[in-house]
Structures are given as C-alpha cells and as structure tokens.
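Engineer: Take a look at this one; I'll ask things after.
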Amino acid sequence: MSAFPRAIVFILAAGTSLVAGARDDLRLPDIGSSAAAIITPQQERQIGEQMLRSLRGARAVADDPLLDEYLSAMGYRLVSHSERPEQAFTFFVVRSEQINAFAAPGGFIGMNTGLIATAENESEVAAVLAHEVAHVTQRHILRAVESMQQVSLPIMLAMLGVLIAAQGADSADAAQAAVVGGSALLQQQQINFTRGNEYEADRIGIQILARAGYDPQAMASFFWRMGRATRANTGEGVPEFLRTHPVTATRISEAKDRATQIAGEIPTAGAEIAADAGVLALYAPPSATGGRLATLDATPALREQAEFARTIRALRAAAPPLPRDPGAFMRFRERARVLGSANPGDLIPFYRRTIEAGEGDGAAMRYGLALALTRAGQPRMAIGVLAPLAADAPDEITYALALADAEDAAGRPVAARERLAALAARFPAHRAVAIAHAQQLVASGSRQAASTAAERLRPLLAGAAEDALLQLTFARASELAGDEIRAGEAHAEVALLNGRFDDALKQLNDLLRRSDVDYYQRARIEARIAQITPVALEQRRRAIPGQA
C-alpha cells in the first residue's frame, strides 16, 4: 500500500476524533440540543459519506464483497443490541496493514485489514467494533460539536477539503503534503476523543458485546495485547490503534472488571432473552452451558429486561446471522491479511511455516496460502492447494470463489465460468457470487452473456446501490449488452462513490444529450443530477486553491 493511502487512513482516523470531545456527559438529549443548530444528522451522514468516497477514491477501501458481508453482519448484530438500534451505520474494510479502526460522522465505521489480521478470535474484532459503535450511539461527535460551537464544523469541513484536494492532486507527493497539512490543522486545534469518552465507549461497548453473545473479556484481552506491543516497540513500531485509542493499565483493568461484572449479571452475557407468562428463559451459548435451557422465576427487574427484549427482538431477528462455523472467522482473518498486504508474495513463507508447524486452523491457513499464491502470480500452485479444500467442503462459498479466481488467473476461464455458474444457481442472492459470475460472463466477450449478467445483477442494486464493485460490474455488463443508458448511469454512480462528483455530473449530462433517452430515463437522470449538483458545488467551493 502506498504512503498516500496510508496517510489518508491516518488522517481519517484522526478525523473521526475531530469533533469528539470536550465534555464527558453520559447522555445527550435527542431533541433540543444546541448542536443540532450547527450540524444536523443529515449533514453528519453527508460528511461521513464524503469521507468514505475520498477513501475509496484513494483506493484505500477494500471493496471486497466477502469481507464486507462478514464485517457488516457482525456490525449490524452489535448495533441491534445497542441503545440506538435505529441509528444508520455503514461498515467497511480499509486496505491497510496498520492496526486501527475508527468511527466517522454519520455512523461510518472502518476497520483496517491489519487489525483483523491481528485479532486472535471473532470476539476481539467484535470488541473493537462495539467500541466504535458506542462512540456513535453515545453521540461523542455531536456532543463535541455542541461544546466547540462554531469551531468544530469549519474544521470538519476543512478536513474534507484536504481529503478532496489530496485525492485530486497530480502526484502522490502533493497529495501527501495536503494530508500532512490537514493533520497539522487537527493537531493545532487539539481535537481528539477525551479520556472520558474512551472509557465510556469501553463501558457501553462491553455491554453491547455481551448482549450480542460475544465474550465480554475480549476487549480487555485485545487492549492487553496492544499494550504489550507498545512496551515491545517504540516509535514507528507502535500500532496505529494505540495512537488513536491510548491504552493504559487502568483502562485494561477497568475493561476486565466491567466484563466480569456483566458476566455475573442477569441476563448472563450472550444470553438470548425470551419472556412468556412471567417466566424468563435464558439460553446461554453452548460454550458456556452445553446448550442447556435454564428457566428462572421472573422478578420485577427481570420482567423489565424481558419487556426490553420484546421490543428489540424483531431487530435482532432482522440482523444478518453471524457465522457460527469456528473456521469462518479464521477464513475471514486470512482473507483480510492477504488482501490488505502490499506484497502478498511475502506471506507465502509465513503460511508454509505455519502449516508445517501445525499451528492455527489448518484449512484457513491453506486458504490464506492459496490467496497469496494467486495474488503473487502463482495461480496453478493455488489451484493445487484449493482443490482439496473445495472437495472436502463443497458448500463453502469462500473456497469455490477462490478456486474460480485461481482458475481464471491460470488461463482456465471456461472452468472458472462453469464453477461460478453452478455456484450462482445454488446461491442466486449471494452478492459475492453474483458479482464474480457476472465478471466472468462479461470477460467472455459475449453480448448475450453480458445481458444475462446485467439481468442477474439488476435486482441486487436496489439493496446495495452504494456497492462500488457491484455498480462497476453492472456498468460493464450493460455496456457490452448494448444498454448504453443504463451503463452510463452506473458509471456515473461509480464516479460518485469514488468522490468524483464533477465526473458523475458530466456523464449524466452527456446522457441527457442523447436522442435515444426516453421520457422515464430522462426523468430518472434529471432527478439524480438534482441530487448530486448541490454536493458537487459544495465540493468545488471548499476545494483548496493550488491543491485541486
């Protein structure tokens, strides 16, 4: 990964702290806060969206359907157990080997591939996510805006200007200079999460973690391992996570004590609550009780908790199910390790040593080795590693997709296409499968195949319009299929998702000048132009002279 995207990640991590701050109130009223006069929830969301677009434009966002699906499922499950399950969130993976995670305005939470690769289990990743979710649900950013009044919003917007200018700079050096300038601005204003906000995010995060069925001790264990890394390293060796989330012995101790306290409360950590006729049934995770069902007489306090459970049970049920396969997290971790590596070939010796030593999850390690081999230009060797894995677990989508990718890279597109066609027939609604299959159909060069790809992707767009890879694949399929209007609209969406508002507007306006645009298409395009134009004008107005 180049220095420029890493610097962008560092600045955005700081930017998440940029208005989090000066007060330690535990609550902020939903209505009547003076902060609402400075920045509205819609503005917060717009700022977060632009930050994500700037990161994507810098090629810092992984945009990998499998990673996104796993992280989002975990994040949504945590949010459904938070105090504000109605809050909008967007979870995404940042392609960086730095160990870090951050919460941006509007509920945007990013996690670096480096942090995922460092975690020892799923609960540790969930602990970090829960901490960032707590920063959002406790309104730390909004409370800081209220405290800082007119100072914070201009700085936030200036930061966006820096990101936009850096994205449009002619060289990596110029972009780096713009980013450093933004960093100096933030440092000068001394904007950061306060110690009180960090402790509060720990406390609330541990509660969310436990309610969602994860190990509440995971936050303390992850902090401890990060703290150990600090003692073992100095300077550049300190994980970025510790720069933005300072860890002390007191903080680790408090996190551990809080987790112990929660584990002893009723309902127990990880319990799913069900109330019926004054009886509270607690179903503890199998790891704790072997799956036994415990029934207790309901006291008034328990009835109150059961009442709360009824109000959010629908939300919990609606959250995507978490993978309970013990190897699922290990595959997720190794995929993040490989896709986040600037030199995947360097990981090949690591995986071979680990496999030979019999350490870790053997299947996941072989999966990681195969991914590294494919990305390092050795797909034939990758096929040899993946074929037995796919044969032993024919229902495992990650293996099948990796094998198809290796087959295509090895010059066997027909085999890859047939494998993906069978996979798409079995899992028609799976986004990663649909995208991979559509890419293969488009690569075939057949207009009919491209039309099939576009038709299969179209239903997915309704629920994932902000998926840049999905939009790009749909655009290419539509273009080859001869549907130039749809292709143009999708290409404009890709430009927009990468922060190129002027480019998106140009493409849409070019479509309006076509003679073959019908009434409905014109109405749709004009409506999209009307939505984009104010943001594009604001982007131009805030561009930094001499940097754009």
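The values are calculated or read from the model by the stated rules, or taken from the named source; none is laboratory data. Just so we're clear, the structure is a prediction, and the values are computed from it rather than from any experiment. Don't worry about glycine lacking a Cβ; one is built from the backbone with ideal geometry, like all the others, and counts go over all protein chains shown.
Engineer: Considering every residue within region 356-367, establish whether at least one is more than 19 Å from I397 (Cβ to Cβ), at pLDDT 95 or above, crowded, with 16+ Cβ neighbours inside 10 Å and not hydrophobic (A, V, I, L, M, F, W, C).
Structural biologist: Within region 356-367, not a single residue is more than 19 Å from I397 (Cβ to Cβ), at pLDDT 95 or above, crowded, with 16+ Cβ neighbours inside 10 Å and not hydrophobic (A, V, I, L, M, F, W, C).
Engineer: Exactly one of these conditions fails for S515: (1) in contact (Cβ under 8 Å) with a residue 24 or more places away in the chain; (2) more than 19 Å from V494 (Cα to Cα). Give me its number.
Structural biologist: Only one criterion is unmet by S515, namely (1).
Engineer: Which members of region 370-383 meet the condition of being part of a helix (DSSP H, G or I) and either crowded, with 24+ Cβ neighbours inside 10 Å or touching a Pro at 6+ places or on another chain (Cβ under 6 Å) (or both)?
Structural biologist: A370, L371, A372, L373, T374, R375, A382
Engineer: With A429, A387, A449 as the choices, which residue is surrounded by fewer than 23 Cβ atoms within 10 Å (Cβ to Cβ), hydrophobic (A, V, I, L, M, F, W, C) and assigned to a loop (DSSP other than H, G, I, E, B)? Explain how you work it out, then say what you get.
Structural biologist: Numbers: A387 fails: assigned to a loop (DSSP other than H, G, I, E, B); A449 fails: assigned to a loop (DSSP other than H, G, I, E, B).
Every option except A429 fails the conditions.
Engineer: Note down all Cβ pairs under 8 Å where the first residue falls in region 485-506 and is at negative phi, the second is part of a loop (DSSP other than H, G, I, E, B) and of a type in the set (A, V, I, L, M, F, W, C), and they're at least six residues apart or on different chains.
Structural biologist: I485/V517; E493/A465
Engineer: Can you spot a residue in region 452-466 that is surrounded by fewer than 18 Cβ atoms within 10 Å (Cβ to Cβ) and under 26 Å from G345 (Cβ atoms)?
Structural biologist: no
Engineer: Another question, then. May I ask you to list the residues in region 473-501 that are out of contact with any helix residue (DSSP H, G or I) (no Cβ under 6 Å at 6 or more places or on another chain) and more than 21 Å from R456 (Cβ to Cβ)?
Structural biologist: Residue satisfying the conditions is R500 alone.
Engineer: Given the conditions (1) more than 14 Å from the chain's Cα centre (by Cα); (2) modelled with pLDDT of 95 or more, which single one is not true for R45?
Structural biologist: Checking R45 against (1) more than 14 Å from the chain's Cα centre (by Cα); (2) modelled with pLDDT of 95 or more, the one that fails is (2).
Engineer: Residue check, L505 against (1) farther than 28 Å from A62 by Cβ; (2) surrounded by 14 or more Cβ atoms within 10 Å (Cβ to Cβ), all met but one. Which one?
Structural biologist: Condition (1) is where L505 drops out.
Engineer: Taking the residues in region 214-231 that are in a loop (DSSP other than H, G, I, E, B) and crowded, with 24+ Cβ neighbours inside 10 Å as candidates, determine which candidate is modelled with the lowest pLDDT.
Structural biologist: P216
Every residue, every condition in (1) exposed (fewer than 13 other Cβ atoms within 10 Å of the Cβ); (2) more than 24 Å from Q42 (Cα to Cα), yes or no:
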site	(1), (2)
H491	no, yes
L511	no, yes
D516	yes, yes
Y520	yes, yes
A530	yes, no
R540	yes, no
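Engineer: Given the criterion among the charged types (D, E, K, R), under 20 Å from H437 (Cα atoms) and modelled with pLDDT under 95, identify the matching residue among D405, D395.
Structural biologist: D395
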